[in-house]
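Asks: Let me give you the structure first, and then I'll get to my questions.
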Amino acid sequence: AAAHYGVSAAAERLPAEHDDTFRLTAADGSTRLLKIATPDAGASPGAASFQTAVLLHLASAAPALPVQRVIAAIDGRPELRLDGRLVRMTSYLAGTPLGSRPASAALRHDIGGTLARLDQALRPFTHPGANRTHLWDLQNFHQLRPLLSELPGELPGMDQRAALVGCLDRFEAEVLPRLADPATRRQVIHTDFHGDNLLVDADLVTGVLDFGDSLAGPVVMDVGVAACYQFGAGAGGDPLAPALGVIAGYHAISPLQPGDPELIGEFMLLRLAARII
């Protein structure tokens, strides 16, 4: 940070699934985020640099969206490659994670609206690194089938193994063909719009974090994932009601097409199944 960004600060390691991630706090109290990609990400420049390109695009296309901003190095580069690892510094977004508090109906509506504005901003964006996949990529849900053999012999509750096999079978027979339809809208999407990646204040989303799972995929997958994480006891004890609030918030900003709601429902179930697997 000091040598390449001119930033003198105390470094605190933050929990992260893959990359080495640090919050930098300077003597004046200002904070920044320093992310050092895993070595395998450094070996694939497109995938790692893709995240930097997403943030740079959003800073230009949608400056009002509450996402991190890339901080250039002393020499002006938006990212560095040191010892084969990609390094990126950004602004640090402070706030209350959505996952630490219950969401009101107004907040669920704003979650959907924020995602819609993000998708609108990313619609024209393209990048070679977007053509990727990972284990959370639900458009390739069938890649999880080999993992069924790794599950415990006895799963709690109903016959979950049979239910998971049924989800995989249904995906391959019903969902996958529909995703191949040119009418199914595709673009770069966030894919991980859940409580740990959203900062909130009262009934508004104040921060969108972590584009590490972003890729080119169907818009309905993005909406389905966000809605899935709002399952819960709604009006009259209906567990779908909170999720439908997210979808309604999305639709109010970026109208869904006639076939979208059914596919969103499929992706809500697929995300649940992926979490179990």
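Asks: Give region 198-235 a look and list any residue that's open to solvent by 30 Å² or more (accessible area, probe 1.4 Å) and assigned to a helix (DSSP H, G or I), or say none.
Replies: Ala235
Asks: Does region 155-175 include one or more residues that are under 28 Å from Leu118 (Cα atoms) and not aromatic (Phe, Trp, Tyr)?
Replies: Keep residues of region 155-175 that are under 28 Å from Leu118 (Cα atoms), which gives 171, 175.
Next, only the ones that are not aromatic (Phe, Trp, Tyr) stay: 175.
Among the residues of region 155-175, at least one is under 28 Å from Leu118 (Cα atoms) and not aromatic (Phe, Trp, Tyr), which makes the answer yes.
Asks: Quick one: would you say Pro152 is open to solvent by 10 Å² or more (accessible area, probe 1.4 Å) and either touching a helix residue (DSSP H, G or I) at 6+ places or on another chain (Cβ under 7 Å) or over 30 Å from Asp181 (Cα atoms) (or both)?
Replies: Taking the combined requirement at face value, the residue satisfies it.
Asks: Restricting attention to region 106-115, does a residue exist that is farther than 21 Å from Asp213 by Cα, assigned to a helix (DSSP H, G or I) and open to solvent by less than 40 Å² (accessible area, probe 1.4 Å)? Steps first, answer last, please.
Replies: Just the residues of region 106-115 that are farther than 21 Å from Asp213 by Cα, to begin with: 106-110.
With assigned to a helix (DSSP H, G or I) added as a condition, the list becomes 106-110.
Then drop every residue that is not open to solvent by less than 40 Å² (accessible area, probe 1.4 Å), which leaves 107, 110.
Checking region 106-115: at least one residue is farther than 21 Å from Asp213 by Cα, assigned to a helix (DSSP H, G or I) and open to solvent by less than 40 Å² (accessible area, probe 1.4 Å).
Asks: Tell me which residues, restricted to region 47-63, are without any contact (Cβ under 8 Å) to a residue 40 or more places away in the chain and farther than 14 Å from Ser214 by Cβ. Spell out how you get there, then give the answer.
Replies: We begin by selecting, within region 47-63, every residue without any contact (Cβ under 8 Å) to a residue 40 or more places away in the chain; these are 52, 56, 59-60, 63.
Matches in region 47-63: Ala59, Ser60, Pro63.
Asks: Which of the residues that make up region 236-250 are touching a residue at least 12 places away in the same chain (Cβ under 8 Å), crowded, with 17+ Cβ neighbours inside 10 Å and not aromatic (Phe, Trp, Tyr)?
Replies: Within region 236-250, Pro242, Ala243, Leu244, Gly245, Val246, Ile247, Gly249 meet the criteria.
Asks: Another question about this same structure. Does any residue in region 183-196 that is within 22 Å of Pro258 (Cα to Cα) come within less than 6 Å, Cβ to Cβ, of a residue that is open to solvent by 10 Å² or more (accessible area, probe 1.4 Å) and in a loop (DSSP other than H, G, I, E, B) six or more places away or on a different chain, and which pairs are these?
Replies: Hits for this filter: Gln187/Arg123; Val188/Phe125; Thr191/Asp213.
Asks: Continuing with the same structure: Among the numbered criteria (1) touching a helix residue (DSSP H, G or I) at 6+ places or on another chain (Cβ under 9 Å); (2) assigned to a helix (DSSP H, G or I); (3) open to solvent by 30 Å² or more (accessible area, probe 1.4 Å); (4) among the hydroxyl-bearing types (Ser, Thr, Tyr), which single criterion is violated by Ser49?
Replies: Evaluating Ser49 over (1) touching a helix residue (DSSP H, G or I) at 6+ places or on another chain (Cβ under 9 Å); (2) assigned to a helix (DSSP H, G or I); (3) open to solvent by 30 Å² or more (accessible area, probe 1.4 Å); (4) among the hydroxyl-bearing types (Ser, Thr, Tyr) leaves (3) as the failure.
Rundown of residues vs (1) over 27 Å from Val219 (Cα atoms); (2) at pLDDT below 95, yes/no style:
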| position | (1), (2) |
| --- | --- |
| Ile71 | yes, no |
| Ile74 | yes, no |
| Pro78 | yes, no |
| Arg85 | yes, yes |
| Pro102 | no, yes |
| Asp110 | no, no |
| Leu118 | no, no |
| Arg132 | no, yes |
| Leu135 | no, yes |
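Asks: Against the condition open to solvent by 60 Å² or more (accessible area, probe 1.4 Å), in a loop (DSSP other than H, G, I, E, B), touching a residue at least 24 places away in the same chain (Cβ under 8 Å) and over 30 Å from Pro255 (Cβ atoms), how does Ala94 come out, does it pass?
Replies: When the stated conditions are applied, Ala94 passes them.
Asks: Examine region 161-179 for a residue that is of a type in the set (Gly, Ala, Ser) and open to solvent by 70 Å² or more (accessible area, probe 1.4 Å), and state whether such a residue exists.
Replies: Here is the first cut: in region 161-179, the residues of a type in the set (Gly, Ala, Ser) are 162-163, 166, 173.
With open to solvent by 70 Å² or more (accessible area, probe 1.4 Å) added as a condition, the list becomes none.
For region 161-179, residues of a type in the set (Gly, Ala, Ser) and open to solvent by 70 Å² or more (accessible area, probe 1.4 Å): absent.
Asks: Then there is this: Only one of (1) assigned to a helix (DSSP H, G or I); (2) at pLDDT 95 or above; (3) under 14 Å from the mean Cα position of the chain (by Cα) is not met by Asp169, so which one is it?
Replies: (3)
Asks: Report, by residue number, each residue of region 55-91 that is among the small types (Gly, Ala, Ser), assigned to a loop (DSSP other than H, G, I, E, B) and surrounded by 14 or more Cβ atoms within 10 Å (Cβ to Cβ).
Replies: Result: Ala62, Ala73.
Asks: Another question about this same structure. For the subset of region 29-42 comprising residues that are open to solvent by 50 Å² or more (accessible area, probe 1.4 Å) and more than 17 Å from Thr90 (Cα to Cα), which member is modelled with the lowest pLDDT?
Replies: Among residues in region 29-42 that are open to solvent by 50 Å² or more (accessible area, probe 1.4 Å) and more than 17 Å from Thr90 (Cα to Cα), the one modelled with the lowest pLDDT is Asp40.
Asks: Just name the residue that is farthest from His57 (Cα to Cα) out of those in region 116-136 that are out of contact with any Asp or Glu (no Cβ under 9 Å at 6 or more places or on another chain), open to solvent by 50 Å² or more (accessible area, probe 1.4 Å) and in a loop (DSSP other than H, G, I, E, B).
Replies: Per the criteria, the residue is Leu135.
The values are calculated or read from the model by the stated rules, or taken from the named source; none is laboratory data. Note that the structure is a prediction, hence the values are computed from the model and not measured. All Cβ positions, glycine included, derive from the backbone under ideal geometry; neighbour counts span all protein chains shown. Just the protein is used for accessible areas: all its heavy atoms, side chains included, with ligands, DNA and RNA removed. Shrake-Rupley method; radii C 1.70, N 1.55, O 1.52, S 1.80 Å.
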